[in-house]
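Read-outs throughout are calculated quantities, based only on the coordinates presented, and are distinct from any laboratory measurement. Just so it is clear, the structure is predicted and the values come from calculations on it, not from any experiment.
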């Protein structure tokens with residue numbers, strides 16, 4: 001099961017550092033592979049606002 005459309009998933013990147021994103025299906029979020037920021041997915045729509053992200057562990 002995918003959180004978002006596969007075509008959209010291929011083009012989305014982290015708005016902070018342009019890192020690729022992995023899906024966390026149980027957490028309904030996308031996680032940046034570089035900085036660890038996570039972005040919620042609500043009703044199949046990723047919320048890619050820096051104000052809405054949760055910071056990674058290395059902050």
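Values for this structure:
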read-out: Global geometry of segment 6-52, whether rounded, prolate or oblate, following the gyration tensor of its Cα atoms and the 1.5 cut on a/c; value: rounded
read-out: Potential extension, residue 42-residue 13 segment - 0.36 nm per residue separation minus Cα distance; value: 8.7 nm
